[in-house]
Ligand SMILES: [Zn+2]
């Protein structure tokens, strides 16, 4: 293994430029947060990043806002620039990227920006995704997710009311699974498999997202070792 300057400090055996792929509801956000603490690297959630950029009102955020105001999707090229700007900020610390890349074009663009060290595909069946997301409540105050079983009426973080998102209905969840994930994932996996072969390393790992948060966390740490 080639030692990069980023891996000379701390947990040297662990990859530090990490991409998490997987369907909505697989727990990418939760797991990325836990891994970020464990490895002391920034968690970059592409969706949050876009929202934060818009709120901050910088040049990229203003440009994105313009598209949103017109009811248009923020174009691919602009999302790549926003992610790229954040990656430049974190520099050698490394990152755990979740929600990006979503498709082959974004994966190719990311590879132009930075050399990813590990790609983890967090797998969860379509049935389980629908089951989990349909049972999900979110805090109206801070957006924290909760499963019914864990729910105690109020948000543990901010005390806000827990509500069901209108787009967590089963038919909407199924559509999201197919459009955001199922239609793109094969091309992404193929891209990273080939990239790994060209570099002569096992870049891509598959990890099951079934089971408890702690079980999945252990599997992920193993896959990063
Ligand atoms: Zn809350």
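Spot the failing condition for residue 102; the list is (1) exposed (fewer than 15 other Cβ atoms within 10 Å of the Cβ); (2) touching a residue at least 12 places away in the same chain (Cβ under 8 Å); (3) more than 16 Å from the ligand (Cβ to nearest atom); (4) more than 23 Å from residue 221 (Cβ to Cβ), and only one is missed.
Result: residue 102 passes all but (1).
How many residues are away from the ligand (no atom under 16 Å from the Cβ) and either assigned to a strand (DSSP E or B) or within 18 Å of residue 178 (Cα to Cα) (or both) when one looks only at region 131-141? Working first, answer last.
First pass over region 131-141, keeping only residues away from the ligand (no atom under 16 Å from the Cβ): 131-135.
Next, only the ones that are either assigned to a strand (DSSP E or B) or within 18 Å of residue 178 (Cα to Cα) (or both) stay: 131-134.
Qualifying residue count, region 131-141: 4.
Out of all the residues in region 191-199, is one or more surrounded by 15 or more Cβ atoms within 10 Å (Cβ to Cβ), under 18 Å from residue 25 (Cα atoms) and in contact with a helix residue (DSSP H, G or I) (Cβ under 7 Å, 6 or more places away or on another chain)? Walk me through how you get there before you give the answer.
Looking only at region 191-199, we keep the residues that are surrounded by 15 or more Cβ atoms within 10 Å (Cβ to Cβ), and these are 191-192, 195-196.
Then keep just the ones that are under 18 Å from residue 25 (Cα atoms); that gives none.
No, every residue in region 191-199 fails to be surrounded by 15 or more Cβ atoms within 10 Å (Cβ to Cβ), under 18 Å from residue 25 (Cα atoms) and in contact with a helix residue (DSSP H, G or I) (Cβ under 7 Å, 6 or more places away or on another chain).
Give me the pairs, please: first residue somewhere in region 170-183 and farther than 10 Å from residue 130 by Cα, second residue anywhere and part of a helix (DSSP H, G or I), beta-carbon distance under 6 Å, and either six or more positions apart or on two chains.
Once the first residue is farther than 10 Å from residue 130 by Cα and sits in region 170-183, no partner that is part of a helix (DSSP H, G or I) comes close enough.
Only one residue in 55, 65 is modelled with pLDDT of 90 or more and exposed (fewer than 12 other Cβ atoms within 10 Å of the Cβ). Which one?
Exactly one residue qualifies, and that residue is 55.
Table: residues versus (1) part of a loop (DSSP other than H, G, I, E, B); (2) in contact with a helix residue (DSSP H, G or I) (Cβ under 8 Å, 6 or more places away or on another chain); (3) surrounded by fewer than 17 Cβ atoms within 10 Å (Cβ to Cβ).
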| site | (1), (2), (3) |
| --- | --- |
| 143 | yes, no, yes |
| 174 | no, yes, no |
| 179 | no, no, yes |
| 184 | no, yes, no |
| 201 | yes, no, yes |
| 207 | no, yes, no |
| 210 | yes, yes, yes |
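Of the numbered conditions (1) surrounded by 15 or more Cβ atoms within 10 Å (Cβ to Cβ); (2) more than 16 Å from the ligand (Cβ to nearest atom); (3) over 19 Å from the mean Cα position of the chain (by Cα), residue 155 fails exactly one; give the number of that condition.
Single failed check for residue 155: (2).
Can you confirm whether region 112-130 contains a residue that is within 16 Å of the ligand (Cβ to nearest atom), under 16 Å from the mean Cα position of the chain (by Cα), surrounded by fewer than 17 Cβ atoms within 10 Å (Cβ to Cβ) and not in a helix (DSSP H, G or I)?
Scanning region 112-130 turns up no residue that is within 16 Å of the ligand (Cβ to nearest atom), under 16 Å from the mean Cα position of the chain (by Cα), surrounded by fewer than 17 Cβ atoms within 10 Å (Cβ to Cβ) and not in a helix (DSSP H, G or I).
The values are calculated or read from the model by the stated rules, or taken from the named source; none is laboratory data. Keep in mind that this is a model prediction, so the values were computed, not measured. Reconstructed Cβ throughout: ideal geometry from the backbone, glycine too, with neighbour counts over all protein chains shown.
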